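In what follows, a single structure is set out as structure tokens and then discussed.
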Amino acid sequence: MNKMKLFENKQIRTIWNEDTEEWYFAIMDVIAVLTDSPEPRKYWSVLKTRLKKEGVELTTICSQLKMPASDGKKLFD
């Protein structure tokens, strides 16, 4: 089940995982909403680099899922 959630009138892509009964959110959409960044991918990249320098490794806790894009294509987010 894929749905769009609205937060302050901005769309956030989501996917429901039946096995774990959890919602997954597109991090790029969340970053765009929370930071008002014009380039959420760049913001995320810089943040990951900074956190890695601090000893936090996000790849083990933040997996990429294919999320539907606004044009219907599947993208990694």
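The values are calculated or read from the model by the stated rules, or taken from the named source; none is laboratory data. Remember, predicted model here, so these are calculated numbers, not experimental data. Every residue, glycine as well, gets a Cβ built from its backbone with ideal geometry; the counts of neighbours run over all protein chains shown.
For segment 35-46, the set of residues classified as modelled with pLDDT of 90 or more and among the hydrophobic types (A, V, I, L, M, F, W, C) consists of 46 only.
Pairs meeting the criteria (first residue in segment 25-50 and touching a residue at least 40 places away in the same chain (Cβ under 8 Å), second residue assigned to a helix (DSSP H, G or I), beta carbons under 7 Å, at least 6 apart or on different chains) are 27/44; 28/40; 28/41; 28/44. Residues in segment 31-50 that are part of a helix (DSSP H, G or I) and either of a type outside the set (A, V, I, L, M) or farther than 20 Å from residue 9 by Cα (or both): 35, 40, 41, 42, 43, 44, 45, 46, 47, 48, 49, 50.
Note on segment 60-77: residues that are modelled with pLDDT under 65, closer than 20 Å to residue 29 by Cα and either in contact with a Pro (Cβ under 9 Å, 6 or more places away or on another chain) or of a type in the set (Ser, Thr, Tyr) (or both) total 3.
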